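One structure is given here, and the rest of the page talks about it.
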Amino acid sequence: MIHSLFLINHSGDIFLEKHWKSVISRSVCDYFFEAREKAVDPENVPPVLQTPHHYLISIYRGKLFFLSVIQTEVAPLFVIEFLHRVADTIQDYFGECSEGIIKDNIVTVYELLEEMLDNGFPLATESNVLKEMIRPPTILRSVVNTLTGSSNVGDTLPTGQLSNVPWRRAGVKYTNNEAYFDVIEEIDAILDKSGTTVFAEIQGVIEACVRLTGMPDLTLSFMNPRLLDDVSFHPCVRFKRWESERVLSFIPPDGNFTLMNYHVSSQNLVAIPVYVKQSISFFETGPCGRLDITIGPKQTMGKTVENMMVTIHMPKAVLNANLTATQGTYTYDLTTKVLVWDIGKLNPQKLPNLRGSLSTQVGVPKPEDNPSLNIDLKIQQLAISGLKVSRLDMYGEKYKPFKGVKYLTKAGKFQVKMLCTAHFSTNWRSEYI
Amino acid sequence: MLDSNKDSLKLEAMKRIVAMIARGKNASDLFPAVVKNVACKNIEVKKLVYVYLVRYAEEQQDLALLSISTFQRGLKDPNQLIRASALRVLSSIRVTIIVPIMMLAIKEAASDMSPYVRKTAAHAIPKLYSLDPEQKDQLIEVIEKLLADKTTLVAGSVVMAFEEVCPERIDLIHKNYRKLCNLLIDVEEWGQVVIINMLTRYARTQFLNPNINEGSGGDKTFYGSDEDEDEDEEEKEKNPYVMDPDHRLLLRNTKPLLQSRNAAVVMAVAQLYFHLAPKAEVGVIAKALVRLLRSHSEVQYVVLQNVATMTIKRRGMFEPYLKSFYIRSTDPTQIKVLKLEVLTNLANETNISTILREFQTYIKSMDKDFVAATIQAIGRCATNIGEVRDTCLNGLVQLLSNRDELVVAESVVVIKKLLQMQPEKHSDIIKHMAKLTDNIQVPMARASILWLIGEYCEHVPKIAPDVLRKMAKSFTNEEDIVKLQIINLAAKLYLTNSKQTKLLTQYVLNLAKYDQNYDIRDRARFIRQLIVPTEKSGALSKYAKKLFLALKPAPVLESPFKDRDHFQLGSLSHLLNAKAGGYQELPDWPEAAPDPSVRNVEVKDSVRAVGTVTFRDTGGLWDLQGPQKVEGKSDSASGSESGSGSEESGSGSESVESEEGSESEEEEEDEEEKNKKKKKKELKKPVQETLTILHLVLCLQTIAPSSALKNYELLHRITGEGLSVEYCFSRQPFSPDANMVAVQMQFTNNATSDTKNLHMEDVKLQSGMRVKEFPEIGDINVAVIKNKRSRSCSKFFVSIQPPVGELMRPIFLTENEFKKEQGQLMGMNEITEKLTLDAKCRNEHAIVQRVTTAANLSRVPCGSDKECRFAGRTVTSSSLVLVTVATKEEGAAQLTVNCEKMLIGTMLVKDILLALTQ
């Protein structure tokens, strides 16, 4: 299975290595560096590489490469999923997963890796279990540690592996018992040049933060579970109950976790919260072009749209942009050719507009590629699919917990194809129909 | 600092050393100083020392041996976690000398009572195997033993070990197959992946191809029409295929795992369905796979590769999700290209217009590699779907005026391929392309145009020589592939139109003769010999025209993912399209199914059976799935139970030895128990500990409904000092001896302490009786039991008196057979009694219920509704027992028993009478 792991930073330095079987020289990474050079963009490095004696499977997270070395046949997804789990665990422990953080906590990370795999096979990956074996650092503890000289390794032996519920540690105690659930939905959509929806769907996730004493058994039910088309669960959810009664019944892990992911059935029409009127044109004659974008609310269910942000990847030929925005600010990055327009709150009375001229390179033919426009937005207190949690019940414990549900809608991969009235008037679409 | 007395200093030193290891710096010089601390009391230091040892033991073998004794001591520690970690470190030290020690430790740990230690043992197996492959045989024994383990914690790890050590020993799986299927959902995620992959291979060797009736039709549907698929369906209905229930069990139990959050598990189930499920059912995986496309880009990459392979075989499956494969401008290029591949595979007559419209927007993307791939994809769609060929061609021709050279070049190459299919119609396109030679600089495109003109020079007789003229002018500045094509063009023109081009050809050949590239010089020499007739030139020149202007078959544009499905999907080998080390071939379906009975689990020795005890947090309540004659459904009983409350399904399972008392067939027998008690420390108040022998009523194989088991008391809890014993007749065939009757005993401990060493002593039997003793029941080990307090032994005299009805086994007779047999058992052998039925028992159902409860008989079908008939044989002498209950008005009834053993007959009449009147 997984033989070794190398952590490589953006500039190609190996700053952590861990071997679960015999040691493999880090020269094996050279093959990876070669592929990395070739790919230009770090996202384009093939996740699976073949070298004469080994296979390299890597992921790219937080500007770091997690590169694992494999010697024999193994399901690639198994390794990829595990590497992501490692990154998740580091994030969970230290708040973020970056080179600096890992370097600062290198011993803890090394011990974590030691616990997570045994002989290349995953041993303990549940964060609840790991946290019992190796305690996450806190500011208070790091102060105490420097004074007393103890480390983050648990003094008592963990019982987690042996508790009845592998994902929950035993003996949890809180003075305030709380359970919060965040229903977060993302709209993925591709809109046509004319504003019609090419493709739209809603992805939802329920993030939970449960701090309850003892071994609570929770049941979460929905007003309209039929909306949910495709679901995936945290292992704690009892699938049979879901199949028969459409309720989520589970003994939660302690702390933060993702309870379920869902997808809202595509039969329901997806409400698109905003509309975009846009045009971009380049003149054949001079080295300039025009841009005009207006955004307005469409189906927002009476809620305000916040954190509006528009990102456009301009064609390479565009040198600079000279625009005026009626609301918010815009920036144009000259090197990456990215135009970002930060609008903020969307005011239905006064629609935000961005217009102005673009200067293009002299002597270069008119850009012919169509830029596309990515939209980012947030709507508080609304799940755009209409999903509602009806109740949360707790069994197995006597106290009354404090319960709360929050809804949030975000734009996921929300893309509008831009209308580009450049040189290319020959539109051969009609011929297909 | 390591020599310091202070733990804090040691710890600081160890931390620095481990940090060095993590950064990849050499810290092996410090080995002697570190190894000294292996016995350190401080657990934090100890942990870090272990980390160090595992890393450097291989390099410093002699010194590493110093630490071994510490681990050996650790293996005997009462704390299971210390045992486990000692084994883990010991097995991670790659020093050959300690192989025997490791072997011993693994063997011991494999029978450890803690499942966590057993799991560690399973992990240690592949480690030892890689260190010394000669231990294989012994290790297989351990694996076999661990495979039989019923805890979910162990299952994943042991299958992993199985895969690494002896994947070819598929026979080891037979007995555990059903158990693995049923445990699957509760195994941790990583174990699930490994088990599912292994079971896929297993199922391929053991079951028949569910799509067998469809023949090779499935392959032909590649780019075929939908009608083919419909035909397949019909064909399937004609010859019903019966799926092995075990095959069905696997499919049913893996399906919920499609909802797992772990992409690897979902993929594993998807490949299982793809390889094993009937065609109609494979569709369920599509939705789950599409869901994975929203995951990290690396996951997308792998999933798309697999989807691409699946779409070739089963296009219909993903068609509803077409839009999910639409490309976003933010996708990395490699993902875009893969999505394009999938879209191309999905294209058919109905959706081609939408797909092409989508492609059209892609062409304007900024990502040039992607644009090139899109043009290729359009080309493939055009070759595969005849209707749109012309539109595609026109679209591509328009692309020729694109400003980007790469786009143009790619289009030219694709157009060339398309034109080859029907060149006659498209001479104007060829003309158009000929004009392009002035502008296009990309060598591959130029070469393609030249080739086209040469190949179809008859369609453009006027232009071709002109093109050659231009090319001849620029010959020296061209790239090599272009030069070669110029020579080709010249040769072809010379053959068809020698009048106009003779001089030009000579000129080109002369230029080529002095070219730097030897390929070009060779080609020129070869062609000159072939086409220019000289005295020396042989017979070949006659055939020159045939050689050059032969009709060339159109190239087939096909997916690079075709035929990749001979690799198991989801595997590394499939992804690389090359066999990776250690890849296990997915076997073909067998022609005929191997014997399915190998998976039947028999209780080899029914006196000892290993049950699963699950611990509920509601108090010390123990469920013991005791002696079972496991047959098919039996495991699903435990499966459904653990599903109902997942607190039981966790890891707290313990194996406990239980027993099944068995005894001779006649009436009485004595039995004594010896009790020892110990106290449970954790639970302060008296705990009721019940050993419930869950009798498996689901044994469908037996004829009689055995649901009506009656419990008899053997020992009351007051006389038994807290121990009460109940027994019942399980009505199961007793496998070691068919002439014996099985008695099942249930021990309930109501005392405050535990019971130990239960066994039989001084059995007094009546004549003609035999008893098979059960071995002593060992103490019931529970991890939480700490304080053992023994008391003196106690003996109890008990006796078991089986009712006569239990001494028979049901047999199946038809009505006619029954009547015939009854006719032979008249007179002395027949006993008739009149009775009045109990008020509650006047319907047929109640009568059957009561009679079968009283006696182990099976019902005989009967024409009239006034009569109920039952049949059976005595267990020892196999003499026939026939019972008839004829009902009349107002509860009056007549009972008739025919049996050649008169004693049994009379006793049975009494018993049944009692049962029916009360």
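Since every read-out is calculated from the coordinates, none of them should be taken as a lab result. Predicted, not measured: the structure shown is a model, and the values here were computed from it. So basically every Cβ, Gly included, is an ideal-geometry build from the backbone, and we count neighbours across all protein chains shown.
A few notes on this one:
- Across peptide B:286-295, the mean count of Cβ atoms from other chains lying within 10 Å of each residue's own Cβ comes to 3.
- Its Cα gyration tensor gives the stretch B:422-507 an equivalent ellipsoid, and the semi-axes of that ellipsoid, as √(5λ) in whole Å with the largest first, are 18, 17, 10.
- Exceeding the 18 Å Cα-Cα cut-off - candidates B:LYS431/B:LYS483; B:LYS150/B:LYS175; B:LYS6/B:LYS41: B:LYS431/B:LYS483
- Using the Cβ-Cβ distance between B:ASN79 and B:ASN711 with R0 = 41 Å, the FRET efficiency computed as 1/(1 + (r/R0)^6) comes to roughly 0.55.
- Principal axis dimensions, largest first and in whole angstrom, of the stretch A:291-351 by Cα: 41, 17, 15
- Potential extension, A:LYS400-A:ARG246 segment - 0.36 nm per residue separation minus Cα distance: 53.0 nm
- With a cut-off of 18 Å on the backbone N, the residues of the stretch B:485-517 near the modelled label site 7 Å out from B:GLU458 along Cα-Cβ are B:489-500.
- Size of charge dipole - the stretch B:379-507 - debye, nearest 20, with Cβ of Lys, Arg +1 and Asp, Glu -1, no other charges: 400
- Burial order of peptide ranges A:186-196, A:209-219, B:369-379 (average beta-carbon count within 10 Å, highest first): B:369-379, A:209-219, A:186-196
- Each 10 Å bin from 0 upward holds the following percent of the Cα-Cα pairs of the stretch B:31-190: 11, 39, 32, 14, 3, 0.
- When the Cα gyration tensor is reduced to axis lengths a ≥ b ≥ c, the ratio a/c is 1.5 or higher for the stretch B:24-105, and with a/b not above b/c it is classed as oblate.
- As an equivalent ellipsoid, chain A spans semi-axes of 44, 32, 21 angstrom, where each value is the square root of five times an eigenvalue of the C-alpha gyration tensor, largest first.
- Protection proxy ranking, highest mean first, for peptides A:329-337, B:164-172: B:164-172, A:329-337, where packing is the per-residue count of other beta-carbon atoms within 10 Å, averaged.
- Residue pairs, from the table A:LYS131/A:LYS398; A:LYS240/B:LYS145; A:LYS413/B:LYS287; B:LYS46/B:LYS76; A:LYS277/A:LYS345; A:LYS337/A:LYS417, whose Cα atoms sit over 21 Å apart: A:LYS131/A:LYS398; A:LYS240/B:LYS145
- Computed about its Cα centre, the charge dipole of the stretch A:372-415 is approximately 120 debye, with only Lys, Arg, Asp and Glu carrying charge at their Cβ.
- B:LYS546 versus A:GLN349: modelled label distance in nm, points set 7 Å from Cα along the beta carbon direction: 9.0
- Computed FRET value (nearest 0.05) for B:LYS368 with B:ASP244, which takes r as the C-beta separation and R₀ as 51 Å: 0.45
- Charge dipole (debye, nearest 20) of chain A; +1 at Cβ of Lys and Arg, -1 at Cβ of Asp and Glu: 1360
- Along the stretch A:307-324 the Karplus relation, 6.51 cos²θ - 1.76 cosθ + 1.60 evaluated at θ = phi - 60°, assigns HN-Hα couplings of 6, 5, 8, 10, 10, 10, 8, 7, x, 4, 6, 6, 7, 8, 10, 10, 10, 10 Hz to successive residues, with x for each Gly and Pro.
- B:SER799 paired with A:TYR275, simple spin-label distance in nm, labels 7 Å along Cα-to-beta-carbon: 9.6
- Exceedance of the 30 Å cut-off in Cα-Cα distance is limited, within the set A:LYS21/A:LYS103; A:LYS63/B:LYS25; B:LYS473/B:LYS499; A:LYS103/B:LYS579; B:LYS36/B:LYS107, to A:LYS103/B:LYS579.
- Taking a point 7 Å out from the Cα of A:PHE283 in the direction of its Cβ, the residues of the stretch A:298-326 whose backbone N falls within less than 15 Å of it are A:322.
- Segments B:108-116, B:446-454 sorted - mean Cβ within 10 Å per residue, highest first: B:446-454, B:108-116
- Per-residue mean of foreign Cβ neighbours for B:118-124 is 2 (Cβ atoms of other chains, 10 Å radius).
- Within the stretch B:38-52: backbone nitrogen closer than 16 Å to the B:GLN72 label point (7 Å, Cα to C-beta): B:39
- Annotation for the stretch B:863-887 versus the stretch B:420-454: alpha-carbon center distance of 93 Å.
- Theoretical FRET efficiency, 1/(1+(r/R0)^6), r = Cβ-Cβ of B:ASP588 and A:THR219, R0 45 Å, to 0.05: 0.45
- Counting, for every residue in A:118-128, the Cβ atoms of other protein chains within 10 Å of its Cβ and taking the mean gives 6.
- In nm, spacing of pseudo-spin labels at B:THR814 and B:ASP428 (7 Å Cα→C-beta vector): 8.3
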